[in-house]
Structure formats: C-alpha cells, structure tokens
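Here is the structure we will look at, set down as structure tokens.
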Amino acid sequence: MPDPECHIRFDNNPYGVYFAGQTLAGQVELRLTEVLNVIGISLRLDGITEIEWSEIVESSAQAGRKTTSYSGQQTLLNSISFLCGSSVGPVRDLAIGTHTYHFSCELPTHLPTSFEGYHARIRYTAKVSLHRSKNRTDQIGQTSFTVLRHLNLNEHGSVLVLPTKSELTKVFCCGPCSSEPLYISAQIPRCGYIPGQTIVMKIDAVNRSRTRVNEFRVKLVQKLCCTSQHPAVETRTDSLVVAESRCSGVTSGEVVKHQQNLLIPAVPPTYTDSSHIFSINYELEVEARVTGPNISPRLAMPITIGTIALETSVPRDKLKPLAKPPWDPFSSQHYTDIIGTRIPVGNAARRSHGGLDEPSNGSGNVRLHYIVHRTSGGSVDGLPDEN
C-alpha cells in the first residue's frame, strides 16, 4: 500500500518563521487514493542542537594517521500530538479523498535561534507519521521551520552601555636587536549592538619601531564553541569573519588616529545559555598588518549582538575616564621622542587643512596627526603662545 500524499502548511506564515514563545499553528493535509487502515496519525515537533567534527592525529610510524570523530547532541523541543486516533487505539479506516487536520502548539520561550554551520546546527522540524499498529510507525511528511529568539540588550545591565578600550604595546625582535615599541589602542562607545547598526571604532597608533604597519583591519568575528560528548569531551572553537573594514597603517616614527565604521550584517544573536555543547559569541578584532617576517599584532574586544537595541544612555556619574597605560604615548615627554625630531621653540608648527602639522624647518620625515598638547593658559605645550 503506497503512502498517502502529505502536506504540512503553517497558518498565515508561508515561510514558517516564528519567535520563541509564539504559537505555531497550521494544518496537515492527507490525500488518499485508497482506503487507509491506521490506529492514529501523529505530528511531532522536534528541535535539536547537533555538533560534529573530525580530527586527524599522527600516531606511530606503523599505525600512520588516525581519524577521530567527535559529536554531541542536545534536545531543545520534543512535542508529540495526535491528529486523529492514538498509538494504542483500535484500527480505523480513512476513506479515499482529502483529509485535513489542524494543529497548534506554543513554542517554549527558551528556544535558541535557528543556526546552520559547518560543525554545528540548530534545527526545528515538523514530522507527520502514520501509526499502522502498535509496533509499526511510518513517517510520511516532514517540513522545517525557523525559530528566532529575542535578545533584549536592555535586560543585560548597564555594562553593555559603557564604552570599552583595548590596547597593546608590541616590541619587534628581541635582545640587542629589539626595537622601540609600537603602541595601538582601539575604543568603541558601547558593547551591545544589533544587526543593521554601525560600530564606530577609534584607533590610535604610535609607531616608535622600525617596522611599518601597512594597514589596519577591523573585523567582526563570530566565535562558535562546540563541546563534544562522544567519544570524549573535547572543545573546538571556530572563528568566522562576518564583517571587515580596512584603513591605512602607520609608518615608522608616525602617530595616527583613525575612525572606522563597521556595519553589522544579519547574524544570529549571542547565544551562551541553555546549551552545554554549543555557544555563539562575538568580538571585534583589530589587526595591524606589518611587513617582513614579523607576526601581525592583534587586539580584541568582546561585544554582544542582540535583537532589541539599547535604549538608555550612560548616566554621567557612571562614566569614568579610561585608565592610561603605564607608558603614555601621547604625553608631551614622548611627543618629541616618538617623532624623533624636536620642533624649535622659535618655529611654531602650523596645522594644515589635512590635519597634519608641518614644522617650518622644512624637515620632510616628520608627520604629526592631530596631536596637540595645550597648557592651562591655552598655549601649545612646548610652543610659544601665538598671542
């Protein structure tokens, strides 16, 4: 006996997209060309998190390479309802023709957003099965639906509203060949965003080294953490660049300031709860691409991606100045050391429209980017007051 034709449709939702906590409703349509004998017809809603990956390990010379497969699984949703009959009732005959059954189910509020990755996935399905007898069940229809979970950034405290700053000092080579440091700092106005918003990042760089930084790369990195259950507990973290912008670098003996805008694409929200085998986190990474065999320095700042944007601003009483590093590259003492050329007191530097200060002594190897130190009297530190 052939299986009947089965169609699963969602009410007023042709694409089957639902928010966690919303009611999923629809109908199942069976088209029979001959009488069907069953004891029941069931609809099962499944939600599952699955992870899997393989690793190749070098063993002894005789054994060669060994491949180990890791996997894990977590049930998120498991709801079964009978459209007609039951799993243990008497046999009933369904006549030839079209039979329509309606269903409705409220989705739990804790369900995470659907996700499809290379090593991890979060999937939701609706399956229709025929119970022909107590010991025989045949699945005759299946469709997928998408779940979106709201993440309200306003419910995560004021920490997401506060600005954050990350900085590093890099010394190239070592010993007697070591260079003067390269200083980089990056700052963003807050730590919580939603897709469609723009992250405004300020980058400051002071290059006292002999190594040129070709460019700065600002990246939004999605970090997927998987923890296996079989054959052993192992953790794997994959990093995926979902957005990137670039700007010019900094040469030796140069001070620069950049402001980079990074648009957040459509990505799933941060997911760190309700699962012990899978999580999604985000961080902003600034990479200084350097020349030669040196490793490009990087600095990173974690951020939270949600679905409901921050509404409140930071009260002034909670705003605190970001702490300066032990070595302040923007102090007047290091101002002349970094550039390597002292500006005589009698030769005042003039600011051009391009934002560069050019000393009047004609030196061609000095470039100062928007760095001015003023005293309490309004004059430039180290320069005479023009008045």
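Tell me, what % of the accessible area of the range 146-229 is carbon and sulfur with a 1.4 angstrom probe?
That fraction is 52 percent.
Convert each backbone phi in the range 119-131 into a coupling constant with the Karplus relation 6.51 cos²θ - 1.76 cosθ + 1.60 (shift: θ = phi - 60°), then list the ³J(HN,Hα) values in order as whole Hz, x for Gly and Pro.
10, 8, 8, 10, 10, 10, 9, 10, 10, 10, 10, 9, 9
What FRET efficiency comes out for ALA25 versus TYR118 if R0 is 35 angstrom and r is the Cβ-Cβ distance? Round to the nearest 0.05.
0.55
With θ set to phi - 60° and the Karplus curve 6.51 cos²θ - 1.76 cosθ + 1.60, what are the ³J(HN,Hα) couplings of the range 272-283 in order, to the nearest whole Hz, using x for Gly and Pro?
Computed from phi, the couplings for the range 272-283 are 10, 10, 6, 8, 9, 10, 8, 8, 10, 10, 9, 8 Hz.
Tell me the per residue accessible area of the range 86-143 using a 1.4 Å probe; a whole number in Å² is fine.
57
So what is the accessible area of the range 185-285 per residue, in Å², with the probe set to 1.4 Å?
Counting only protein heavy atoms, the per-residue value for the range 185-285 is 41 Å².
Which of the peptides 236-249, 36-49, 113-126 is most tightly packed, and how do the rest follow, judged by the mean count of other Cβ atoms within 10 Å per residue?
The packing order, highest mean first, is 36-49, 113-126, 236-249.
With a 1.4 Å probe and all protein chains left in place, how much of the accessible area of the range 1-142 comes from carbon and sulfur atoms, in whole percent?
After summing per-atom areas, the C and S share lands at 46 percent.
The values are calculated or read from the model by the stated rules, or taken from the named source; none is laboratory data. The model shown is predicted, which means the values in this text are computed figures rather than measured ones. All Cβ positions, glycine included, derive from the backbone under ideal geometry; neighbour counts span all protein chains shown. Ligands, DNA and RNA are stripped out before the accessible areas are found, and what is left, the full protein with its side chains, is counted by its heavy atoms. Shrake-Rupley method; radii C 1.70, N 1.55, O 1.52, S 1.80 Å.
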